[in-house]
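All remarks here apply to the structure that follows.
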Amino acid sequence: MTRARIVLGVFLAFMLVAPLVLPEFQITLLNYIGLYSIVAMGLVLLTGVGGLTSFGQAAFVGLGAYTTAYLTTVYGVSPWLTLVGGLALTFVIALFLGFISLRLSGHYLPLGTIAWGISLYFLFGNMEFLGGHTGISSLPAISLFGIVLDSGRKFHYLIWTLALLALLSMHNLLDSRSGRAIRALKGGGLMAESFGVNTARMKIIIFVYAALLASLSGWLYAHLLRFVNPTPFSINAGIEYLFMAVVGGAASVWGAVIGAGILTILKQWLQDLLPKLLGQSGNFEMIVFGVLLVLLLQRARDGIMPLVVRYFPSPNKPLPPATQSLPTRARPAAGETVLELKGARKTFGGLLAVNDLSFSMDSGEILGLIGPNGAGKSTVFNLVTGVLPATGGEVNFRGERIDILSSRAIVTRGMARTFQHVHLLPDMSVLENVAIGAHQRGDMGVISAALHMERAEEAKLLAEAARQLERVGLGDSIHEQAGNLALGQQRIMEIARALCADPVLLLLDEPAAGLRFQEKRSLAELLRKLKSEGMSILLVEHDMDFVMKLVDRLVVMDFGEKLAEGLPKEIQANPVVLEAYLGGVK
């Protein structure tokens, strides 16, 4: 048994016996830590993992609390039914606010969350039927299996049961196809879209998910205290929730529990200690708390949890057994035209990046696209893969016009790519990075992932990723963090990720850059093997020795235009090409 599992067992045993042995005050602190942990978990998902900063989560806590307070006291509705009502109301409001807020980017997004957080706070305080700033009292106690939860000791078990269930569901979610897509939001939106991830939809999903967790916490809070007023749902509370996630470890689910515990206990300790030291009362704890927080973040920017993990590492998880392989698409017939550009044009304002470019390539062909830096090669890749819309002309893939389609739609048709500058998620394993390439080959959603119902599909996706890593020679690195690989290995990993999409056309943007001589030879052998299996490859590369020995034909670009097209030996002898690009090559 690992140290991590031993610590988890001790934690669960402590939570089980705590109400039987601890004094009432400490039980109250534990209950608050549980409530805050549920909200902080949502912020871990939204901010730490998804990269979307929100200061307004306290408002969603208030929605859950006020919904149950109003319905139970005015209409006598069962608290369990009000939980459903509060979650439903929160879902609708969060969906609306998400569509508005998530269109913002940069610092405008957190400012937007502050705006609606303040608005909802004042709404709670100014609505007469909600009791104004006085609030609503005399909420009924929750009954569970005939037991009335009318004390903190009894309520402890409900709070922590729901907190641990929320933690388990989020752990399941992040350890899934949907979880990889969510983690790709923070540093790889372009890459994720290129492999079929609907990033806008994923942002809405995690925004709503975090709001529902906050609403659940609000429902628990209201029936624990049996009283609500607007004060706990202010923007200050929203900032504290965010601090909890950041201090514990914004990218760790357990960090939410650690952060909630540290901040709750520290705040209480300072409130007791400082008046005695200073001889007067006041909110001095907030001053000291702020200084301590700055010092902590200077020493541990990623929070406490990464430091804990060093002492309690988890072993590498074995690959789940896959009983079946993912289905593969049929390869195009020999000689079939797979890609055709007809007068493709792209302008950026007054800059003409691609000017009426036309060429085609057949099935099983390796076509090189070469030219000086700034010739427009990567722009062509972005036009072909849907990253950029074409200003004019057409791009056709297997007889279908695709320049009007999104990246997500294009990859499902059998086209995948690598990038000029490596796009990876450095904190994820090599296996998980590569598995993102197979995202569009699965269909299980967030709910199935949270309930751990997608294990069969997940096993097939991971098995496919492992197979492609073996194929490119990185089979021994599947559990390595992708950021620890050398640049050349990272480029090879990107090829494995593209192969996971089961493409018939592979677009490689400078794959040999950063590779040593032997690695280039291995890459060339791999590409020839892929060609022999019927795959078409469009290659951008500056290493002319590598290109000339590998490709079937070449298209040369200069200043966005096609300068020449032909066999490698024809291009090497072309005086126009020699003058513009190959003058130094012998």
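The values are calculated or read from the model by the stated rules, or taken from the named source; none is laboratory data. All figures in this text were calculated on a predicted structure; none of them were measured in a lab. Ideal geometry is used to build each Cβ from the backbone, glycine not excepted, and the neighbour counts take in all protein chains shown.
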>> Kindly evaluate SER143 against the criterion of being assigned to a strand (DSSP E or B) and under 18 Å from LEU216 (Cα atoms).
In response: yes
>> Just to verify a result, which residue in the stretch 398-421, among those that are surrounded by fewer than 21 Cβ atoms within 10 Å (Cβ to Cβ) and hydrophobic (A, V, I, L, M, F, W, C), is nearest to the chain's Cα centre (by Cα)?
In response: ALA409
> So which of ARG417, ARG398, ARG408 ends up being over 18 Å from LEU352 (Cα atoms) and touching a Lys or Arg at 6+ places or on another chain (Cβ under 8 Å)?
Replying inline: ARG398
> Only one of these conditions is not met by GLY98: (1) under 17 Å from ILE235 (Cβ atoms); (2) part of a helix (DSSP H, G or I). Which number is it?
Replying inline: (1)
> Hey, GLU285 hits all of (1) among the charged types (D, E, K, R); (2) touching a helix residue (DSSP H, G or I) at 6+ places or on another chain (Cβ under 9 Å); (3) under 25 Å from GLY442 (Cα atoms) but one; which does it fall short on?
Replying inline: (3)
>> Tell me the residue from VAL257, VAL247 that is without any contact (Cβ under 8 Å) to a residue 60 or more places away in the chain and buried (at least 24 other Cβ atoms within 10 Å of the Cβ), please.
In response: VAL247
> Just one of the numbered conditions (1) over 29 Å from MET428 (Cβ atoms); (2) of a type in the set (Ser, Thr, Tyr); (3) surrounded by 21 or more Cβ atoms within 10 Å (Cβ to Cβ) is not true of SER138; which one?
Replying inline: (3)
> Considering only the stretch 468-501, how many residues are part of a helix (DSSP H, G or I) and either free of Cβ contacts under 8 Å to residues at least 40 places away in the same chain or surrounded by fewer than 17 Cβ atoms within 10 Å (Cβ to Cβ) (or both)?
Replying inline: 12
> Hey, any hits in the stretch 156-177 for a residue that's surrounded by fewer than 19 Cβ atoms within 10 Å (Cβ to Cβ), β-branched (Val, Ile, Thr) and either in contact with an Asp or Glu (Cβ under 9 Å, 6 or more places away or on another chain) or assigned to a helix (DSSP H, G or I) (or both)?
Replying inline: yes
> Which one of these is in contact with a helix residue (DSSP H, G or I) (Cβ under 6 Å, 6 or more places away or on another chain), among the charged types (D, E, K, R) and within 30 Å of GLY393 (Cβ to Cβ): ASP509, ASP543, ASP502?
Replying inline: ASP509
> From the list GLN271, GLN324, which one is over 30 Å from ALA450 (Cβ atoms) and either touching an Asp or Glu at 6+ places or on another chain (Cβ under 9 Å) or part of a loop (DSSP other than H, G, I, E, B) (or both)?
Replying inline: GLN271
> Do you know which residues across the stretch 381-435 are in a strand (DSSP E or B) and either polar (S, T, N, Q) or touching a residue at least 60 places away in the same chain (Cβ under 8 Å) (or both)?
Replying inline: ASN396, PHE397, MET415, ALA416, ARG417, SER429
> Just for the stretch 73-95: of the residues that are assigned to a loop (DSSP other than H, G, I, E, B) and not polar (S, T, N, Q), which one is surrounded by the most Cβ atoms within 10 Å (Cβ to Cβ)?
Replying inline: VAL77
>> Take ARG177 and tell me if it is touching a helix residue (DSSP H, G or I) at 6+ places or on another chain (Cβ under 9 Å) and under 27 Å from VAL92 (Cα atoms).
In response: yes
>> For the list (1) buried (at least 24 other Cβ atoms within 10 Å of the Cβ); (2) part of a helix (DSSP H, G or I), I need the number of the one condition that VAL197 fails.
In response: (2)
> Which of the residues spanning the stretch 267-299 are free of Cβ contacts under 8 Å to residues at least 12 places away in the same chain and β-branched (Val, Ile, Thr)?
Replying inline: ILE287, VAL291, VAL294
>> With buried (at least 19 other Cβ atoms within 10 Å of the Cβ) and assigned by TED's automatic domain parsing to the domain that holds VAL74 as the only criterion, which of ARG153, ARG180 stands out?
In response: ARG180
>> Quick check on the stretch 360-368. Is at least one of its residues hydroxyl-bearing (Ser, Thr, Tyr), part of a loop (DSSP other than H, G, I, E, B) and outside the structural domain of ARG441 (by TED's automatic domain parsing)?
In response: yes
>> Considering only residues that are on the phi > 0 side of the Ramachandran plot and among the β-branched types (Val, Ile, Thr), which ones fall in the stretch 271-311?
In response: none
>> When the residues of the stretch 21-54 are narrowed to those that are in a helix (DSSP H, G or I) and free of Cβ contacts under 8 Å to residues at least 24 places away in the same chain, which ends up surrounded by the most Cβ atoms within 10 Å (Cβ to Cβ)?
In response: GLN26
> From the list ALA438, ALA456, which one is under 17 Å from ASN198 (Cβ atoms) and assigned to a helix (DSSP H, G or I)?
Replying inline: ALA438
> Counting just the residues of the stretch 117-140 that are within 39 Å of the chain's Cα centre (by Cα) and small (Gly, Ala, Ser), which one comes out farthest from GLN57 (Cα to Cα)?
Replying inline: GLY135
> Does the stretch 327-338 include one or more residues that are surrounded by 14 or more Cβ atoms within 10 Å (Cβ to Cβ) and not in a loop (DSSP other than H, G, I, E, B)?
Replying inline: yes
